[in-house]
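The values are calculated or read from the model by the stated rules, or taken from the named source; none is laboratory data. Computed from a prediction, not measured in an experiment: that's the story for all the values here. Glycine also receives a Cβ, built like all others from the backbone with ideal geometry; neighbour counts cover every protein chain displayed.
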Amino acid sequence: MKTISILLILLHLISCSGRSSKSVDRLWHDAEQYRNQENLKDTIASLKLIISKYPTHDLAAQAQFQIADIYLNDVKDFEYAIEEFQKVIRSYPNHDSSKKSLFMIAYIYNNYLNAYSDAIIYYNVFKEKYPNDELFPSVEYELNGLKKFQSIIDSLNTVVNNNPNI
């Protein structure tokens, strides 16, 4: 009888262990709560858990986007934010978060890093890939503001291309 009781307890523990892993919705909820509490470490941990445990779920792309957003808006590490947005584009190319990430990369280059050539390149890629997107007017606006730098960029490129010693 004692053996049967121990066996039943073990079976119960084994069956419950599968339930102890959190669902994708629960992990997302936890990440939202951590972010509201400005607990960025646990927010990122929950988001990364979504990505690793549920890589094909719709929330995985959103989780990767949120990680990039944290590095952009909370940590203010713009270079790393770009790397995280690029992960969205590489890993989830057909997700809506991918197009937003492409826009954000261009936006960071333009508005935070003053890397105008890179901004122009990424905005133009966005225009080619998403000509009917709701962000298209914003891209046009940003590119219009970059026109003043385009002639300087072109001049510098000409100098570099004509002088191989530079």
(request) May I ask you to list the residues in the range 94-125 that are touching a helix residue (DSSP H, G or I) at 6+ places or on another chain (Cβ under 8 Å) and part of a loop (DSSP other than H, G, I, E, B)? (result) 95, 112, 113, 115
(message) Quick check on my filter: what residues within the range 56-77 are surrounded by fewer than 17 Cβ atoms within 10 Å (Cβ to Cβ) and assigned to a helix (DSSP H, G or I)?
(response) 58, 73, 74
(request) Report, ordered by the first and then the second residue, all pairs with beta carbons closer than 9 Å, sequence separation of six or more or different chains, a first member in the range 123-134 that is touching a residue at least 12 places away in the same chain (Cβ under 8 Å), and a second member that is in a loop (DSSP other than H, G, I, E, B). (result) 126/133; 126/135
(message) I need every pair where a residue in the range 136-152 that is modelled with pLDDT under 90 has its Cβ under 6 Å from the Cβ of a residue that is part of a helix (DSSP H, G or I), sequence separation at least 6 or different chains.
(response) 149/116
(message) Quick test for you: out of 84, 128, pick the one residue that is touching a helix residue (DSSP H, G or I) at 6+ places or on another chain (Cβ under 6 Å) and either under 17 Å from residue 67 (Cβ atoms) or modelled with pLDDT of 95 or more (or both).
(response) 84
(message) Of all residues being among the charged types (D, E, K, R) and either assigned to a helix (DSSP H, G or I) or surrounded by fewer than 10 Cβ atoms within 10 Å (Cβ to Cβ) (or both) in the range 4-41, which is modelled with the lowest pLDDT? Just the residue, please.
(response) 19
